[in-house]
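Below you'll find the structure, written out as structure tokens, and then a few comments.
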Amino acid sequence: LFCSILTTAMADANLSTEDVQQSNTRTTEDENVKTVKKTEESVTVNVWHILKVFNKFKCSRIILSFLRVSHIISVSFLSKSFHRVVNRYYADCTDLDLSEFYGVLGSAEFDMKSFMNDFLPKFKSVSSLSLRYCSHLKVVHLDQIFRALTLESGQGSDDGNSANNNGGSNTANNNNNTSTNNGNEDENDESGTTDDCVKNEKIKKLSLYFCNKLNSRALWKISTRLVNLECLDLGRCYLNNINGLKLLGSLPLKELAISLDPCIQKTEAIDIYSLLIDEDLFRSLKKLDLSRGCDVLHEIEDLSDLEQQRKIEIIKPAIKIKHNKV
């Protein structure tokens with residue numbers, strides 16, 4: 001009798017334990033469902049707030065200004081409203097940094113045609129352009145970028161429209177020539193871009209740091225296209241003659257950074273110094289950066305005349321401190 005009572009009690013205890021476990025499991029599942037629903041509702045509310053904030057132009061402009069160009073392109077594919085906001089940002093963007101495309105911009109694998117004809121013309125207010133580290137960039141590509149940023153900059157006359165049409169055909173011809181013959185970029189440039197009437201008056205700052213495939217012809221393109229340029233960075237471009245630099249003397253440059261070819265002769269370096277000291281050239285120059293690759297200038301001249309006569313601030317290379325080995 002005792003054994004039977006004990007067995008029954010144990011069975012009842014097991015049943016009650018299972019009921020408690022089942023009830024706890026159901027309670028946990030219900031709580032999880034409620035938590036998931038609350039999370040989904042909060043996410044929906046947050047997304048709605050983000051969309052509401054992003055649709056405000058001032059807010060979206062601040063947000064997009066912290067993103068890279070490739071990330072902004074990705075944002076434009078999220079929705080139609082985002083696409084409209086991004087296109088509006090493109091039209092009002094003043095600082096365009098293309099340095100993240102340094103590995104492909106100008107190379108044979110890069111789709112230059114769509115980049116020049118479809119993407120860059122969306123930027124109508126660019127005043128600062130950065131192409132740092134674009135080592136594949138050549139003169140023909142640089143000129144195409146200038147033209148793409150200029151063609152839609154508000155030239156509404158018939159002559160301007162005809163120039164734009166000619167520029168588009170010339171750009172296409174340059175792309176075809178580049179793809180068929182990569183060794184004659186200068187010849188393609190001469191035959192494909194004969195229209196020198198296209199001038200960009202908005203770009204005032206240009207960085208070509210470490211674009212070491214550019215030559216003196218690139219400086220001629222800069223002097224003829226960017227007529228209001230005030231800041232130019234040619235660091236690590238390694239100038240090797242006076243001709244290209246002389247072309248820049250007519251621009252209203254306030255800041256200039258240059259690097260000379262390590263193999264440059266002292267006579268040529270003296271000619272460059274004479275060019276910089278000439279008061280008829282670089283009349284607006286206030287700062288000259290000679291801290292990268294201009295050792296030959298520091299060897300032949302002390303550059304004090306530039307500071308005293310021309311009132312130009314000279315940025316010299318940092319002094320290297322040698323540590324004695326212990």
- [ ] Please tell me if Ala257 is crowded, with 18+ Cβ neighbours inside 10 Å, in contact with an Asp or Glu (Cβ under 7 Å, 6 or more places away or on another chain) and closer than 15 Å to Gly244 by Cβ.
- [x] yes
Open item on the list: For the structure I just gave you, tell me whether Lys254 is over 22 Å from Leu306 (Cα atoms) and either of a type in the set (Lys, Arg) or over 26 Å from the mean Cα position of the chain (by Cα) (or both).
Closed with: no
Open item on the list: Among the residues of region 265-278, are any within 24 Å of Cys197 (Cα to Cα) and not in a helix (DSSP H, G or I)?
Closed with: no
- [ ] Could you list all residues from region 107-133 that are in contact with a helix residue (DSSP H, G or I) (Cβ under 7 Å, 6 or more places away or on another chain) and open to solvent by less than 10 Å² (accessible area, probe 1.4 Å)?
- [x] Met116, Leu120, Phe123, Leu131
TODO: Give the residues of region 230-251 that are in a helix (DSSP H, G or I) and open to solvent by 20 Å² or more (accessible area, probe 1.4 Å), sorted by residue number.
DONE: Ile242, Asn243, Lys246, Leu247, Ser250
- [ ] Please work out if Asp305 is surrounded by fewer than 19 Cβ atoms within 10 Å (Cβ to Cβ) and assigned to a helix (DSSP H, G or I).
- [x] yes
Open item on the list: Looking at region 56-68, can you tell me whether even one residue there is of a type in the set (Phe, Trp, Tyr), over 15 Å from Cys134 (Cα atoms) and either open to solvent by less than 70 Å² (accessible area, probe 1.4 Å) or without any contact (Cβ under 8 Å) to a residue 40 or more places away in the chain (or both)?
Closed with: yes
Task: Meets criteria (at pLDDT below 95 and either surrounded by fewer than 16 Cβ atoms within 10 Å (Cβ to Cβ) or not basic (Lys, Arg) (or both)) for Asp97 - done: no
- [ ] Six or more apart or on different chains, Cβ under 9 Å: which pairs go from a residue in region 81-92 that's under 15 Å from Val53 (Cβ atoms) and without any contact (Cβ under 8 Å) to a residue 40 or more places away in the chain to one that's open to solvent by less than 30 Å² (accessible area, probe 1.4 Å) and among the aromatic types (Phe, Trp, Tyr)? Could you list them?
- [x] Ser81/Phe54; Phe82/Phe54; Val85/Phe54
Open item on the list: Give all pairs with beta carbons closer than 6 Å in which a residue from region 257-281 that is under 21 Å from Arg310 (Cβ atoms) meets a residue that is of a type in the set (Ser, Thr, Tyr) and open to solvent by less than 90 Å² (accessible area, probe 1.4 Å); count only pairs at least 6 apart in sequence or on separate chains.
Closed with: Ser259/Tyr238
- [ ] For region 270-300, enumerate the residues that are modelled with pLDDT under 85 and crowded, with 19+ Cβ neighbours inside 10 Å.
- [x] Gly293, Cys294, Val296, Leu297
Task: Subset tally (residues that are surrounded by fewer than 12 Cβ atoms within 10 Å (Cβ to Cβ) and of a type in the set (A, V, I, L, M, F, W, C)) for region 69-90 - done: 1
TODO: May I ask you to list the residues in region 200-229 that are touching a helix residue (DSSP H, G or I) at 6+ places or on another chain (Cβ under 6 Å), open to solvent by less than 50 Å² (accessible area, probe 1.4 Å) and not in a strand (DSSP E or B)?
DONE: Ser216, Ala218, Leu219, Lys221, Ser223, Arg225
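The values are calculated or read from the model by the stated rules, or taken from the named source; none is laboratory data. Everything numeric here is computed off the predicted structure, so don't read it as measured data. Positions of Cβ are backbone-derived with ideal geometry, glycine not excepted, and every protein chain shown enters the neighbour counts. The protein model used for the area step is the full one, side chains on, heavy atoms only, and it has no ligands, DNA or RNA in it. Shrake-Rupley method; radii C 1.70, N 1.55, O 1.52, S 1.80 Å.
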